[in-house]
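The structure appears below as structure tokens.
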């Protein structure tokens, strides 16, 4: 089993590159636009952070359990999985 890592700026940048490559803007899984430069910026219309697909208690902080998404989407999802509503979807 892969060792759990710390969720920090380095992890966020790695997750962005894995999911979106060199792009500076992207569309997250809920259909909301995010911008690489707005990582952890709640005041930005494009603010995003890294979310655990499976809640951290069940999935841990490992690359395959992380996804970049708008902060609002992460707030809407919270610890709900697999059924939750984000961006009215």
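Length gained on full extension, residue 87 to residue 14: 23.8 nm, using 0.36 nm per residue less the C-alpha separation. The modelled label-to-label distance between residue 43 and residue 25, using points 7 Å beyond Cα along the C-beta direction, is 2.1 nm. The packing ranking, built from the mean of other Cβ atoms within 10 Å per residue, places the peptides 16-28, 65-77, 43-55 in the order 65-77, 43-55, 16-28, highest first.
No value in this document is a laboratory result; all are computed from the given coordinates. Because the structure is predicted, anything quoted here is derived from the model rather than measured. Here Cβ is always computed from backbone atoms with ideal geometry, including for glycine, and neighbour counts include all displayed protein chains.
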